[in-house]
Structures are given as C-alpha cells and as structure tokens.
C-alpha cells in the first residue's frame, strides 16, 4: 500500500491537501498530533511558542526523525487496509527514515505557496493564527533547525498553491491520480 507524505511550509495548504487525500480513501495521520498530545499531557496551551518548544524537545529526545518514529506504528496499522497520507512531514531525517522503511511504496508531495500568500493565510486562520513576525520566525526555524528544505526539494510531486481552495483541491486530485499510477 502507498504512503504519501505531504511537506510544505506553514500556511502552504498541507492540511487542506491531506483532506483531499482523505476524501479519496486515504487514512490521514497528522504528525503534529504528537505535539498537541504532549502539550495536553503537560497541561500547556496550544500556542506557537509552546508548540515550537515541544517540537524541539521531542527531536532532541528522539532525534530529528522523531515524528516519523513516533507515528510509525499508526502508519503501519493503517496502511494494512488503506493507503495513508501523512500530514506534515518536516525534516530530512524523517524523509530518509520513511523512505528507507517504506521504500517503493513511499511518495512525497510538496505544497508550495509564496511567503506573502502563506503569511496572509496564517494571519487569518481560525486555529493557531500567526502574526507575520511569528510566521517568518517559524519559517526560519523549520529551514535552519529542522532541515525542511530537503524533503521539499526531493518531492515526487509539487502542487503550487497560490490560488483558491478549489484550485488546490483540483491540483491535489491530479497529484493523487499521478501517484496512484506510478509503479
């Protein structure tokens, strides 16, 4: 069965693309749920500062492939019955870990949007909105500390998301069709 990981900077549209995969029969596993669960266990509020600290702490504890490792059993269980879409691949190390583990059944879809587009979206999103300064700081941290550029560069398919939600949905359906045809 196919495991597709979606990568992109904050606000690019990863979760919206994952939702389209899910509507096409994929089981969705959101890597960020690990962060949310850990924050809840510790009684901390879902906020950018806490989330960043938690992401960094988990990676310090388990290594840069932490989220792939911590979600592996969920992916393995789900992929027995349906293809899986991973919402939120971050690091190069996660990419390598999943690529080595799932081999020819692993694909990466990058969702790309310009910083101006992403920052406008992030400021308006109802859950975990970010100010421009916070969004830029997160970009910087993800590129410099999380090695996020590698998986984006190595994507098997890239969706440019500069338009409407309908445009993103159409482009994601194209990606699904292309990926399902690949050997």
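The values are calculated or read from the model by the stated rules, or taken from the named source; none is laboratory data. Because the structure is predicted, anything quoted here is derived from the model rather than measured. So basically every Cβ, Gly included, is an ideal-geometry build from the backbone, and we count neighbours across all protein chains shown.
So the values come out like this:
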item	result
The range 54-64: number of residues that are surrounded by fewer than 17 Cβ atoms within 10 Å (Cβ to Cβ) and more than 13 Å from residue 34 (Cα to Cα)	3
Subset of the range 154-177 [touching a residue at least 40 places away in the same chain (Cβ under 8 Å), assigned to a helix (DSSP H, G or I) and within 20 Å of residue 86 (Cβ to Cβ)]	168, 169, 172, 173, 175, 176
Test: residue in the range 107-115 that is surrounded by fewer than 19 Cβ atoms within 10 Å (Cβ to Cβ), touching a residue at least 60 places away in the same chain (Cβ under 8 Å) and not in a helix (DSSP H, G or I)	yes
Tally, over the range 142-161, of residues that are surrounded by fewer than 17 Cβ atoms within 10 Å (Cβ to Cβ) and farther than 29 Å from residue 49 by Cβ	3
Residue 18 vs. criteria in contact (Cβ under 8 Å) with a residue 40 or more places away in the chain and in a helix (DSSP H, G or I)	yes
Residue check, residue 78 buried (at least 23 other Cβ atoms within 10 Å of the Cβ), touching a residue at least 40 places away in the same chain (Cβ under 8 Å) and touching a strand residue (DSSP E or B) at 6+ places or on another chain (Cβ under 8 Å)	no
Residue among 67, 102 that alone is touching a residue at least 12 places away in the same chain (Cβ under 8 Å), assigned to a helix (DSSP H, G or I), over 19 Å from residue 11 (Cα atoms) and under 14 Å from the mean Cα position of the chain (by Cα)	67
Selected residue [assigned to a helix (DSSP H, G or I), within 14 Å of the chain's Cα centre (by Cα) and either within 16 Å of residue 21 (Cα to Cα) or at pLDDT 95 or above (or both)] from 180, 142, 93	93
Among the candidates 44, 39, 58, residue that is within 24 Å of residue 136 (Cβ to Cβ) and part of a loop (DSSP other than H, G, I, E, B)	44
Filtered residues of the range 21-36 (kept if closer than 24 Å to residue 164 by Cα and part of a loop (DSSP other than H, G, I, E, B))	24, 25, 26
